[in-house]
Every structure is written in structure tokens, then in C-alpha cells.
Amino acid sequence: MGCQNELLVQEVCEIYEKISKLETLKPSKDVNKLFTQLVLTCMPTSPIDVSKLCKRVQEIRSTLIRLCGEAEGLLESHFSTLLGSFHNPIEHLNLFPYFSNYLKLTHLEFTILTQHTTLVPTRVAFVGSGPLPLTSIVLATNHLAATTFHNYDIDPFANSLASRLVSTDPDLSKRMFFHTSDVMEVTSELKDYEVVFLAALVGMAKEEKKQVIEHLAKYMAPGAILMLRSAHGARAFLYPVVDPCDLRGFEVLSVFHPTDEVINSVVIARKFLMPMHSLDQGLGIDPLMLPCKCADQIQGFCHLNHMNMIEE
């Protein structure tokens, strides 16, 4: 198994070297080829623990995640611009090459959500929605037909592209809102949402992610649901890993690791109904231990083709 991990790391590092020498990460034949190669290398189920890799590989991984994030943003901007040229962009979403993956991921997230709450949310926030807010659009169209979606992104250009996609749709234009804000500056508004989605690339470094989660824990409504995207095994070379132990202020409900072409793992957590100091002092429980214990006991492995979700 050790040799297998070594070969995987070697291949990832070789692809990284090629990606790092690209003049631009805008969609092109060379860019698409290298990132496709990287995804296919990291996709198979792997026991590798990226946190135990040597310092040099850790640094490569951190840089690679940022490069993947930049390339993903440029790819989404490219296709959002293309889709925005149609009279009704929503009818042409399948032009985006990974649209089917978003359909599967969104179906997974909605299924997980319904397993842990019977209430249909009236207001949902998506933090880090980007220029192509497919999760919000698919949820609003296929699963939550009466819910309003508030999309937050720090980039005004991304929001401009995103809002154009729904502007001509008579239904979505009334239920989809876009806010140009740094989530760390969004405070009291967060109490208005029953569910908050946190995009995988909001807080790419571990400390950045922890700060965002702590901010959400401070301002979200008690009992509100937080949906996070994480990564597992070799897929952690592509996206940041959300450690359930970092979810201070939340009860981790489930962690799901897809094993097919859907790259992101999904973590669902609920904000505690009482302040952390009350849990700590009133119950004599270390709140930091709660998510860790939960993470050890609850693991889901999902084969999306049949939606067979196994929870331990």
C-alpha cells in the first residue's frame, strides 16, 4: 500500500510541475488536458492521508489546490459568459462539461439534508457561489421549488455573470439573489437562513477555513444546518479537507464520501441550540470533542448511481 501511495504522490507531483509552468490557466487544450489528467489520477478510492505527507508534498498540495481553484473559477467564468449570451441560459446549462456532476452532487446534498430535517427551508444561503452558481440553480429548480436563495461572493464580476444567468427566468429571477460581500463581514443576515452552504474553495488553507466556520458558528441561527464540501483520500490534492474537529459550535451529523466521479465529500452539521460556553460549563462537556466523536462514528459511503447511502 505504501508503494501505491508513493506512485500516486509521484504522479501528482509530476502533473503539478507541468501545471505550474503553464502561462495561463484559462480554458485551453493544454489546460483542460492536464487538469483532466489530475482529476483522473486522484479520483480512485485511496487510503492515503494527505496530512501525513512530507513538508514538500504538503506545500505542493496547498499550491495545487489554489491552482485548481483559479482554473475552476476561470472555467466557470468562461461558461457563464457563454451561457449568458443565450436568451434563456437556464435551458443550456448542460453545455457546461461538468453539469452532470453538479446534478449528482446536488442530489446527494439534498438527500442528506432531507435525512436530517423534515422542514423545507424557506431561505438558503450559498457562500462562495461564483460566476456559475449551479448548486443554487439546480436546488431551486429540481428540489426546493419555493425556496429563496441568497448567493454570496466576494467578486462583483462573478456576481454580475451569475445574476445574468437567472435574469430572464420568470421563476428564478424572483427567488435568486446575489450579494457581493466577504462572508467574514456578513453578520446578522446569517440568522435569516435555515440552511447555509459553504463552497469548497472558501477558505482554501486550513486556518482560513476554520476562521470562516467560527464566523458562521457565531452568527448563524441556533439549530440551523451547515452543509460543507470537503475531500477524502487522494481527492484532497484537489480540494481542502474539512476536519470535523474544526466544526466548533456545530454538531456534526454525517460525513459522506462519494466513490464515483463526484469529487467532493459532503459534511452536514447543525449549529448547537445553546452557546458553546453553556455547553462547556453547564454540561461539563468539552465541545471540541463532540464533532470529533461524531466524525469517528458517522461515515457514509455513497454510490450515487443507485443512491445507496451506508451510515455507520
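The values are calculated or read from the model by the stated rules, or taken from the named source; none is laboratory data. Computed from a predicted structure; not experimentally measured. Note: ideal-geometry Cβ built from the backbone for every residue, glycine included; neighbour counts use all protein chains shown.
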Only unsatisfied item for residue 79, checking (1) free of Cβ contacts under 8 Å to residues at least 60 places away in the same chain; (2) crowded, with 16+ Cβ neighbours inside 10 Å; (3) assigned by TED's automatic domain parsing to the domain that holds residue 257, is (3)
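If I filter the range 38-64 down to residues being assigned to a loop (DSSP other than H, G, I, E, B) and touching a residue at least 40 places away in the same chain (Cβ under 8 Å), which single residue comes out as nearest to residue 205 (Cα to Cα)?
First pass over the range 38-64, keeping only residues assigned to a loop (DSSP other than H, G, I, E, B): 43-49, 53-54.
From what's left, touching a residue at least 40 places away in the same chain (Cβ under 8 Å): 43-48, 53.
On the way: 43: 21, 44: 24, 45: 23, 46: 22, 47: 22, 48: 19, 53: 16 Å.
By that ranking, first place goes to 53.
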Exactly one of these conditions fails for residue 97: (1) part of a helix (DSSP H, G or I); (2) closer than 25 Å to residue 232 by Cα. Give me its number.
(1)
Is there a residue in the range 17-28 that is aliphatic (A, V, I, L, M), within 22 Å of residue 200 (Cα to Cα) and touching an Asp or Glu at 6+ places or on another chain (Cβ under 9 Å)?
yes
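Being charged (D, E, K, R) and over 16 Å from residue 126 (Cα atoms) is the filter; apply it to the range 174-207 and report the residue that is surrounded by the most Cβ atoms within 10 Å (Cβ to Cβ).
Going through the range 174-207, the residues charged (D, E, K, R) turn out to be 174-175, 182, 185, 189, 191-192, 194, 206-207.
Now restrict to residues that are over 16 Å from residue 126 (Cα atoms): 174, 206-207.
Values: 174: 10, 206: 15, 207: 9.
Within the range 174-207, the match that is surrounded by the most Cβ atoms within 10 Å (Cβ to Cβ) is 206.
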Which count do you get for residues in the range 175-224 that are in contact with a Gly (Cβ under 8 Å, 6 or more places away or on another chain) and assigned to a strand (DSSP E or B)?
1
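Can you name the residue in the range 204-224 that is in contact with a Phe, Trp or Tyr (Cβ under 9 Å, 6 or more places away or on another chain) and of a type in the set (A, V, I, L, M) and is also farthest from residue 73 (Cα to Cα) among such residues? Give the steps one after another, and end with the answer.
Kept after step one, since they are in contact with a Phe, Trp or Tyr (Cβ under 9 Å, 6 or more places away or on another chain), are these residues of the range 204-224: 204, 213, 216-217, 220-224.
Filter once more, so that each one left must be of a type in the set (A, V, I, L, M): 204, 213, 216-217, 220-221, 224.
On the way: 204: 14, 213: 22, 216: 24, 217: 27, 220: 27, 221: 30, 224: 29 Å.
If we take residues in the range 204-224 being in contact with a Phe, Trp or Tyr (Cβ under 9 Å, 6 or more places away or on another chain) and of a type in the set (A, V, I, L, M), then 221 is farthest from residue 73 (Cα to Cα).
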What are the pairs with Cβ atoms under 7 angstrom where one residue, in the range 1-15, is charged (D, E, K, R) and the other, located anywhere, is outside any loop (DSSP other than H, G, I, E, B) and at pLDDT 85 or above? Sequence gap at least six, or different chains.
11/41
Go through (1) basic (Lys, Arg); (2) under 20 Å from residue 239 (Cβ atoms); (3) not assigned by TED's automatic domain parsing to the domain that holds residue 203 for residue 104 and report which single condition fails.
(3)
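Can we say residue 114 is of a type in the set (S, T, N, Q) and under 18 Å from residue 77 (Cα atoms)?
On the way: of a type in the set (S, T, N, Q): yes; under 18 Å from residue 77 (Cα atoms): no.
Against the criterion (of a type in the set (S, T, N, Q) and under 18 Å from residue 77 (Cα atoms)), residue 114 does not qualify.
Specify the residue that is surrounded by the fewest Cβ atoms within 10 Å (Cβ to Cβ); the eligible residues are those in the range 123-141 that are part of a loop (DSSP other than H, G, I, E, B) and free of Cβ contacts under 8 Å to residues at least 60 places away in the same chain. Give the derivation first.
Going through the range 123-141, the residues part of a loop (DSSP other than H, G, I, E, B) turn out to be 128-133.
Then drop every residue that is not free of Cβ contacts under 8 Å to residues at least 60 places away in the same chain, which leaves 131-133.
On the way: 131: 26, 132: 28, 133: 28.
Ranking the qualifying residues of the range 123-141, first place goes to 131.
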Just one of (1) over 22 Å from residue 83 (Cα atoms); (2) buried (at least 17 other Cβ atoms within 10 Å of the Cβ) trips up residue 120, so point out which.
(2)
For the range 158-173, give me the residue count where each residue is under 21 Å from residue 73 (Cβ atoms) and either surrounded by 16 or more Cβ atoms within 10 Å (Cβ to Cβ) or touching a residue at least 40 places away in the same chain (Cβ under 8 Å) (or both).
8
Based on this model, can you work out whether residue 119 counts as of a type in the set (A, V, I, L, M), in a loop (DSSP other than H, G, I, E, B) and touching a residue at least 60 places away in the same chain (Cβ under 8 Å)?
yes
Note on the range 80-94: residues hydrophobic (A, V, I, L, M, F, W, C) and not in a helix (DSSP H, G or I) are 86
Looking at the range 4-48 only, could you name the residues that are more than 19 Å from residue 263 (Cβ to Cβ) and of a type in the set (Lys, Arg)?
18, 21, 26, 29
